[in-house]
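Student: Mind having a look at this structure? Questions to follow.
All of the numbers you see were taken from the coordinates with simple rules; none came from a lab. Computed from a predicted structure; not experimentally measured. Cβ placement follows ideal geometry from the backbone for every residue including glycine, while neighbour counts extend to all protein chains displayed.
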Amino acid sequence: LVRTGFRYLREHQEDDGSWYGRWGVNYIYGTWQVLRGLGALKVDMNEPWIRKAGEWLRSVQHSDGGWGERCNTYDDPVFKGQGPSTASQTAWAVMGLCTFADPNDPALLRGVEYLIRNQELDGSWSEDETTGTGFPKVFYLKYDIYRNSWPLLALATYRKLLKNAKINGHVNGAMRELVAR
C-alpha cells in the first residue's frame, strides 16, 4: 500500500517539483502536505525528486520572506506561487522546508522571520487573502483559523527542529532566542 502511495506521488509531482493541492490554495499547500507526509514516514529527504520540491518552494519565496498564492492557480498553474504573502501559506512553506532538517536554510530562516515580524500584538496574524479551497474552480473558503493555527504550528515545528539541531550542535545563532522561549 505504501509503495502504491509513493508511486502515486511520483506520478503526480509537477515537472517543477510541486504538487497540486486540494483543501488549501494550492501548490504551496499540496507540496507542504506531501513533504510533511514523507518526513513523517522517515523517507530519505535527500532523494532528488523530494529535494526538487524543496527547491520549488525556495524558488517561489517572495522578497518579504513569505509565500503566497491565489486561487487562480486552479484555473491556470502558470500563477503558481504568485500572490501576496500570507501567514498561512508562509507557514505551510516553512513546515515543508523543516522536513529537510536544516535549521540554517536561508529560505526557512526568512520564512520564520516573516511569521515573527507579521504577528500582531495580540498574538494573531492578519490575512485578507482566501487560502482555503472548497471545490477547486467552484468555490473557495476563508477559514479564519488558518491565519492563526498554521503559523503557530510552523513556529512550533521550527522550534522543535532547532532543539534537535541544538542537541546535535548544528544551530546557527540567528534563531537561538526562539529555542529559549
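Student: State, as an integer percentage, the relative contact order of the chain based on alpha-carbon contacts under 8 Å between residues 6 or more apart.
Tutor: The normalised contact order for the chain reaches 21 percent.
Student: Please list, short to long, the whole-number percent of alpha-carbon pairs of the chain in consecutive 5 angstrom bins beginning at zero.
Tutor: Values per bin, smallest distances first: 1, 9, 18, 22, 20, 16, 10, 4, 1, 0.
Student: Still on this structure, please answer the following. Please compute the modelled spin-label separation between Phe139 and Glu113, points set 7 Å along Cα→Cβ, answer in nm with one decimal.
Tutor: Those two pseudo-labels are separated by 4.1 nm.
Student: Determine the calculated [θ] at 222 nm for the chain from helices alone, applying -39500 (n - 2.57) to every DSSP H run no shorter than 4 residues and normalising by the residue count; nearest 500 deg cm²/dmol. The partial results should precede the final answer.
Tutor: Numbers: 7 runs with 88 residues, N = 181.
The helix contribution divided over the chain gives -15500 deg cm²/dmol.
Student: Could you calculate the contour length gain from Arg10 to Asn72, that is, 0.36 nm times the residue separation minus the distance between their Cα atoms, to one decimal place in nm?
Tutor: 19.9 nm
Student: Enumerate the residues in the stretch 46-88 having an amide nitrogen under 14 Å from the point lying 7 Å beyond the Cα of Glu120 toward its Cβ.
Tutor: Those under the cut-off are 87-88.
Student: Highest mean first, how do 108-118, 80-90, 142-152, 7-17 rank when packing is the count of other Cβ atoms within 10 Å averaged over residues? Intermediate values should be presented prior to the final figure.
Tutor: Numbers: 108-118: 20.4, 80-90: 23.7, 142-152: 18.0, 7-17: 13.2.
The packing order, highest mean first, is 80-90, 108-118, 142-152, 7-17.
Student: Under 21 Å Cα-Cα from Lys80, which lysines qualify once same-chain neighbours fewer than 8 residues away are excluded?
Tutor: By straight Cα distance, Lys80 reaches Lys52, Lys137, Lys142.
Student: A further question follows. For the stretch 1-78, what number results from the quotient of the Cα radius of gyration and 2.2 N^0.38 Å?
Tutor: Details: Rg = 12.6 Å, N = 78, 2.2 N^0.38 = 11.5 Å.
Dividing the Cα radius of gyration by 2.2 N^0.38 Å gives 1.10.
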